[in-house]
Amino acid sequence: MKLSVAHLGPPGTYAEQATIFYGKWLTHNTGIEASLHPYSSIAQSLQALAQGETQLAVVPVENSIEGSVTMTMDTMWQLDSLQIQSALVLPIAHALISCANSLDEIKTVYSHPQALAQCQGWLREFLPNVQLIPSNSTTEALEKLEYDLAIGAIASSRAAELYNLPILASCINDYPENCTRFWVISQAESDMTHRLPLQKLTHTSIAFSVPANVPGTLLRILQIFAHLDINLSRIESRPTKRSLGEYLFFIDLEADVNTPQMQSALAELNTYTEVLKIFGSYSVLSANNQ
């Protein structure tokens with residue numbers, strides 16, 4: 001049996017790498033194989049899942065250097081009936097890939113905005129005058145490199161091998177312990193989820209909006225979790241896109257949604273929120289760089 005899994009493409013992205021890791025873990029634990037389906041954006045990956053084109057999606061949600069991946073957060077809020085099944089943490093090591101003979105020949109560098117930001121110190125020191133061009137993924141521009149020696153791209157060493165391209169500089173991210181957390185997501189009501197391995201649920205992710213921007217609203221919400229001794233591992237705001245100054249709040253909690261404490265917290269939370277979305281409870285897997 002195979003499960004179709006959407007991810008950000010083209011081949012060679014870190015999202016594909018995370019999906020391959022999850023697929024191997026899935027096969028090891030269930031015998032089920034993963035069939036990979038690349039899409040040109042994170043939003044399209046999630047939309048494909050919501051429309052039933054695939055059974056799972058693997059999307060980045062947070063980087064240890066640059067923080068949250070806003071496209072994932074915004075799309076999760078916009079799409080109903082999606083549920084997190086697992087999280088996995090992937091070490092990230094960026095390389096500068098180019099057919100140029102030296103750094104001096106490079107005039108333009110392409111990559112995903114997150115990758116460009118994660119290497120901004122290195123770029124400032126070694127390529128201070130290049131034009132930085134954001135792309136949909138770290139691998140989108142790789143096919144251009146052999147036709148233009150003045151172009152470089154930031155991607156993984158694995159991507160360089162896949163496209164048979166030379167690496168001019170390795171491990172160029174500004175912080176060596178760079179890693180990205182991904183979510184493995186399904187449709188909430190899918191029968192397929194019962195075939196996934198049972199795991200100890202250690203984290204829950206939720207998001208909510210509040211009915212009015214009044215003093216103390218967020219404080220009262222946070223006190224609910226504090227009083228019940230539920231630890232928050234992440235909290236972040238995003239614009240509602242309705243009006244300037246209105247925000248959604250995304251929270252990761254170190255607890256299973258099925259515990260009495262969490263059930264009590266969510267019941268009380270409903271009294272303070274306008275819309276409350278529970279994205280699911282899950283465990284966190286750790287992937288080795290491949």
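The values are calculated or read from the model by the stated rules, or taken from the named source; none is laboratory data. What you see is a predicted model; the values in this text were computed from it and never measured. Cβ sites come from the backbone with ideal geometry, for glycine too, and all protein chains shown count toward neighbours. Keep in mind that these areas ignore ligands, DNA and RNA; they rest on the heavy atoms of the full protein, side chains included. Shrake-Rupley method; radii C 1.70, N 1.55, O 1.52, S 1.80 Å.
Compute the distribution of all C-alpha to C-alpha distances in the stretch 245-284, in bins of 5 Å from 0, and list the percent of pairs in each, rounded to whole numbers.
For the stretch 245-284, the binned pair fractions read 5, 18, 30, 26, 13, 5, 2 percent.
Divide, for the stretch 63-169, the radius of gyration over alpha carbons by 2.2 N^0.38 Å, where N is the residue count.
Scaled against compact globular proteins, the figure is 1.20.
Please list, by residue number, every one of the trypsin sites (Lys or Arg not before Pro) in the stretch 235-290 that is coil in DSSP and has at most 16 other beta-carbon atoms within 10 Å.
Answer by residue number: Lys241, Arg242.
Grab the other residues whose beta carbon is less than 15 angstrom from that of Leu56, score K and R as +1, D and E as -1, and report the net.
-2
Taking only the Cα atoms of the stretch 43-89, how large is their convex hull per residue, in Å³?
Expressed per residue, the convex hull around the Cα atoms of the stretch 43-89 is 70 Å³.
Write down the accessible area per residue of the stretch 58-150 in Å², having rolled a 1.4 Å probe over the full set of protein chains.
Averaged over the residues of the stretch 58-150, the accessible area is 43 Å².
What's the whole-number percent of alpha carbon pairs in the stretch 8-51 lying beyond 17 angstrom?
Value for the stretch 8-51: 36 percent of Cα pairs lie more than 17 Å apart.
So what is the calculated 222 nm ellipticity per residue for the chain, using -39500 (n - 2.57) for each DSSP H run with n of 4 or more, over all residues, to the nearest 500 deg cm²/dmol?
-7500 deg cm²/dmol
Roll a 1.4 angstrom probe over the protein heavy atoms and tell me the percent of accessible area of the chain that is carbon or sulfur.
Heavy-atom surface of the chain belonging to carbon and sulfur, 1.4 Å probe: 50 percent.
Out of the GluC sites (Glu not before Pro) in the stretch 111-177, which ones are loop residues according to DSSP with at most 10 other C-beta atoms within 10 Å?
Here the sparse-neighbourhood loop sites are Glu177.
Take every Cα-Cα distance within the stretch 209-286, group them into 5 Å bins from 0 onward, and report for each bin the whole-number percent of pairs it holds.
3, 13, 26, 27, 17, 9, 5, 1, 0
Relative contact order, percent, of the chain when contacts are C-alpha pairs under 8 Å separated by at least 6 residues?
Computed over the chain, the figure is 23 percent.
How large is the Rg to Rh ratio of the stretch 155-251 when both quantities use alpha carbon positions and Rh follows Kirkwood?
We get a ratio of 1.11 for the stretch 155-251.
Using the Kirkwood formula over every pair of different C-alpha atoms, what hydrodynamic radius in Å results for the chain?
The Cα-based Kirkwood calculation yields 20.2 Å.
Which log10 I(q)/I(0) values, to two decimals, does the stretch 1-131 give at q = 0.11, 0.14, 0.17 Å⁻¹ under the Debye formula with one point per Cα?
With one equal scatterer per Cα and no solvent, log10 I(q)/I(0) is -0.47, -0.71, -0.94.
Among all the lysines, which ones have a C-alpha under 28 Å from Lys200's C-alpha, if same-chain residues fewer than 8 places away are not counted?
Lys2, Lys24, Lys277
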